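First the structure, in the form of C-alpha cells, and then the observations on it.
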Amino acid sequence: MGETMQIRTRGIRTTVAALTAVAAAAVPAAAATAPASGTPRFLEPAELPRHPSSPWYAGPVTAGQPDPLPMCVGDALPSITSHREYWTEFDTNAQQLTVEGRSAQWAKDFAALLRKDLAGCAKKLMRQDPDITATQKYYGRLNVEEGADFYGIHTVSAWGSSDIGLFSVGRDGATVTIVRWGRMGTFQHARVADFKATTVTAVNKLY
C-alpha cells in the first residue's frame, strides 16, 4: 500500500479550506478563457470519480493561476498555468491544472518539484497551523505516458472539520498536469481506484 505519515500541522486555514471549497467560487469572474485550439484537452465532468448523489459540473478552461491557489502545489504554479474547476451539488469538488513547458526537460524538472511539494505537504502544514493534524499517503506511480504520481492528504482541524484530498501529477512530453479531488471525510471516503482512472484519462488527454 502507500507510505503513511501522521503529523501535526501549523498554519493556513484558508489553504486547508481550499481543499473542499466550492470550486465555482474559485473561478475569477473576469479571467480570460484559454484558447481551444493547440492546447491540451481537459477532463470532462463525467470523467471524474462518480458522485453517488450529484452530477459533476465544470467551469471553463481558464488561463492563469487559480484563486485561491490549491493546497500543496499552489506556490510552484507559473503564470502560464491553465486550469479548470469542477464541483458537485454537495461536498465534493475537483480541479485540473495544466502547464505547457518550454521543453520536455523543463516539464520533467517541474513535475519533480511538484512531487517534492506533495511529499512534504503535511510537514508544510505543520509549520503553518498548530490547529491542524494531517495524515499523508503516497499511493504510487501510474504507468501512463511519462508517468503520474498519486498522493492523498487527510486534514483534521481543532474546530472539527475533516477533509480528504487526492492529488496526482502527470507528464506527457513538455506538458504537466495536476488533478486534485477533495471532499469532507477521511481516507475511508477517498475514491482511490476511480481517481487513478481519472488521472490516467487526464494524462492521456493532454494531446
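The values are calculated or read from the model by the stated rules, or taken from the named source; none is laboratory data. Computed from a prediction, not measured in an experiment: that's the story for all the values here. Here the Cβ is made from the backbone with ideal geometry for all residues, glycine too, and neighbour counts use every protein chain on show. The area values use the complete protein model at the heavy-atom level, side chains included, leaving out ligands, DNA and RNA. Shrake-Rupley method; radii C 1.70, N 1.55, O 1.52, S 1.80 Å.
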TODO: Within segment 151-173, identify whether any single residue is within 26 Å of Arg41 (Cα to Cα) and in a helix (DSSP H, G or I), and answer yes or no.
DONE: no
Open item on the list: If I filter segment 188-207 down to residues being over 16 Å from Ala46 (Cα atoms) and open to solvent by 40 Å² or more (accessible area, probe 1.4 Å), which single residue comes out as modelled with the lowest pLDDT?
Closed with: Tyr207
Task: Among the residues listed as Pro45, Pro28, Pro60, the single one being open to solvent by less than 80 Å² (accessible area, probe 1.4 Å), modelled with pLDDT of 95 or more and in contact with a Ser or Thr (Cβ under 8 Å, 6 or more places away or on another chain) - done: Pro60
TODO: Please name all residue pairs, on different chains or six or more residues apart, with Cβ atoms under 6 Å, provided the first residue is in segment 134-157 and is free of Cβ contacts under 8 Å to residues at least 24 places away in the same chain and the second residue is buried (at least 17 other Cβ atoms within 10 Å of the Cβ).
DONE: Arg141/Asp149
Open item on the list: So in segment 85-100, with the set limited to residues that are part of a strand (DSSP E or B) and of a type in the set (Phe, Trp, Tyr), which one is nearest to the chain's Cα centre (by Cα)?
Closed with: Tyr86
Task: One residue from Gln65, Gln105 being free of Cβ contacts under 8 Å to residues at least 12 places away in the same chain, of a type outside the set (Ser, Thr, Tyr) and either surrounded by 15 or more Cβ atoms within 10 Å (Cβ to Cβ) or assigned to a helix (DSSP H, G or I) (or both) - done: Gln105
Open item on the list: On the basis of being open to solvent by less than 10 Å² (accessible area, probe 1.4 Å), within 11 Å of the chain's Cα centre (by Cα) and over 30 Å from Pro130 (Cβ atoms), does Thr175 make the cut?
Closed with: no
Open item on the list: Being at negative phi, touching a Lys or Arg at 6+ places or on another chain (Cβ under 8 Å) and of a type in the set (A, V, I, L, M, F, W, C): is that true of Ala174 here?
Closed with: yes
